[in-house]
Amino acid sequence: MEPYGRSTATPYLKFGYAHVNTDVRGTGKSGGALCLLCYREQLDVRDVIEWIARQPWSNGKVVLYGYSYSAITSLLGAALKPRHLTAVIVGHPPTDPYRDVIWQNGLFFQGFVAQWFVGQTAAQSLGAGVQPQILDRAQQEFVLEARLLPLDGPVYKERSVLAKMSRIKVPTYVFSGWSDMYSRGDLWLLDGLPAKHKLLWIDASTHHGTGRGGELDAPYAKGSPTDQLLALSADAPKGEIKEWLDRFVKGRRNGIAHKPRLRYFDMGDRTWHAARSWRSVTKHRPRLYLSAARSGTAHSLNDGTLASKLPTGRNSYQESYVYDPTAGSSIPIDREGPDGFLPYAPLDQRFDEPHGLTYTTPVLKRPLHLAGPTELRFWAVTEASDMAWVGRLVDVAPDGSARMITSGWLRASFRRVDPKRSRDGAPYLPDDRQLPVTIGQEIKYRMDIWPIAWTLKPGHRLRLWLSSSDSPNHEPLPVAGRNLILHDAVYPSQLILGTR
């Protein structure tokens, strides 16, 4: 079920599968009022499944099948345990609307909200003939409601797959892409689903499945899961999605259920890997400490170093910068950019270096395989009553060009960590209440870095870029002031990597 008025499964008709495409209530030709991902909409999914099972052309085995919005409605519907639901196939699902779609660690995700909710869904749901003032009001009401709910709570949990995934026990096939803003939640879904049969495929695709993320070529083509679900080629159903259908609808023993649960693409060396879970990918957890020693490689405000040894001494080293809400425009890939609302920004991160602090490793003598949860743990002082922290990992080539690998975000007042749900290198932030930010006080932060698999080649360097804005991706905070990043033996600010 989706609000787009489109169909993605018709190529499977010739293989003997009936296809039902349903507009969610309040969109397309469905009556009622639009209520995005609400419980009533989830009940509609269950009702449609049971209606299909009663039809004379149905064998009673129903598969939920969707992409993006219809992917999350499929998973939410599956959590209701419909009697005739046999399996689920979903692509690029936003598993947690709060963390994936609207707010990210306390920062308003304006790039996505501006494009999707305001520009696309309202227009398609209401139709081109609607009076402009009615459309404007609908758009304004949604954005206002989202802005007035900055904390995670009942409204978001009602719509969260992660909050309900313990109820999903049917075979579930998920595919995603590193260049998609939803990849973190999809990895959490893999680790948390109790289903006996579950698979997650992650390639380099963006959410739109275009095959390009800025200047990065996404390595999927004819026959990949993204290609299959979007039906980009006539031969697409011959791939794994059809195998999943054949196995759990027709009962064919084709081996799909015994493939590795996680298959992921390394964006750096362009190789494929398999694992049982995202947690199990990490074999080593090196720590790189922020150091004031100059690397001689960056044009940033400090040009610091990432060191393998813990700093000694108790004299606090610190670098400072003034909060610049315009910083962060070099956002080259889909999960970082405004989701297609604006053109992709330059890939080279050197454009942003003067607006923040950098810490760079020495030249790598051997490959560095980044894979698994990664965390930036640091101490900072701010002159503002609240502050945004943005950290990017960058691959610096021998010629000095700097390609972004991944990034993380954290609003200072949303720094509370749940120790029971956190692990070393993987903090979990409940985001259900704000903490005070005392001006001039040293405060510890734990920022989770968005997941990625990326190999840095020998001769390259790993760089951390640290600032307080990545506009127009996240909405800049209306504050002003100078920030200090602390690092010494007392304040051992560090980057905790996951490597394979």
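Quick notes on this one:
- Here SER471, SER422, SER413 are screened, and the one residue that is closer than 22 Å to HIS355 by Cβ and not hydrophobic (A, V, I, L, M, F, W, C) is SER471.
- Picking from residues in segment 67-94 that are in a strand (DSSP E or B) and over 18 Å from the mean Cα position of the chain (by Cα), the one that is surrounded by the fewest Cβ atoms within 10 Å (Cβ to Cβ) is THR86.
- Selection within segment 45-98 - at pLDDT below 95 and acidic (Asp, Glu): ASP96
- The listed residue being modelled with pLDDT of 80 or more, under 29 Å from TRP379 (Cβ atoms) and not hydrophobic (A, V, I, L, M, F, W, C), out of SER330, SER308: SER308
- Residue pairs meeting the criteria (Cβ under 7 Å; at least 6 apart or on separate chains; first on the phi > 0 side of the Ramachandran plot, in segment 144-165; second crowded, with 17+ Cβ neighbours inside 10 Å): none
- Test: residue in segment 285-305 that is at pLDDT below 90, part of a loop (DSSP other than H, G, I, E, B), of a type in the set (Lys, Arg) and more than 30 Å from LYS196 (Cα to Cα): no
Residue by residue, here is whether (1) outside the structural domain of SER183 (by TED's automatic domain parsing); (2) touching a Pro at 6+ places or on another chain (Cβ under 8 Å); (3) more than 24 Å from PHE109 (Cα to Cα) holds:
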residue	(1), (2), (3)
SER401	yes, no, yes
ILE405	yes, no, no
GLY408	yes, no, no
ARG411	yes, no, no
ARG416	yes, yes, no
LEU429	yes, no, no
LEU435	yes, no, no
GLY440	yes, no, yes
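- Look at segment 243-267: where a residue is closer than 26 Å to LEU13 by Cα and a partner is small (Gly, Ala, Ser) and part of a loop (DSSP other than H, G, I, E, B), sitting 6+ places away or on another chain with Cβ atoms under 9 Å, you get GLU243/GLY255; ARG247/GLY255; LYS250/GLY16.
- Of all residues in segment 12-40, those being in a loop (DSSP other than H, G, I, E, B) and surrounded by 12 or more Cβ atoms within 10 Å (Cβ to Cβ) number 18.
- Answer residue from segment 412-422, given it is more than 29 Å from ARG482 (Cα to Cα) and over 19 Å from the mean Cα position of the chain (by Cα) and is surrounded by the most Cβ atoms within 10 Å (Cβ to Cβ) among those: PRO419
- Test for VAL170: is it more than 24 Å from ARG411 (Cα to Cα), surrounded by 24 or more Cβ atoms within 10 Å (Cβ to Cβ), of a type in the set (Val, Ile, Thr) and in the same structural domain as VAL45 (by TED's automatic domain parsing): no
- Residue in segment 241-248 that is assigned to a loop (DSSP other than H, G, I, E, B) and either among the small types (Gly, Ala, Ser) or not assigned by TED's automatic domain parsing to the domain that holds SER422 (or both) present: no
- Index of the failed condition, ILE439 passing every other in (1) surrounded by 15 or more Cβ atoms within 10 Å (Cβ to Cβ); (2) of a type in the set (Val, Ile, Thr); (3) in a loop (DSSP other than H, G, I, E, B): (1)
- Any hit, segment 348-367, residues being surrounded by fewer than 20 Cβ atoms within 10 Å (Cβ to Cβ), at pLDDT 95 or above, assigned by TED's automatic domain parsing to the domain that holds ARG482 and under 21 Å from the mean Cα position of the chain (by Cα): no
- None of LEU495, LEU429 is part of a strand (DSSP E or B) and either in contact (Cβ under 8 Å) with a residue 12 or more places away in the chain or β-branched (Val, Ile, Thr) (or both) except LEU495.
- Any chance ARG137 is of a type in the set (Lys, Arg), assigned to a helix (DSSP H, G or I) and modelled with pLDDT under 80: yes
The values are calculated or read from the model by the stated rules, or taken from the named source; none is laboratory data. Remember, predicted model here, so these are calculated numbers, not experimental data. A quick note on method: Cβ atoms are made from the backbone with ideal geometry, for glycine too, and the neighbour counts reach across all protein chains shown.
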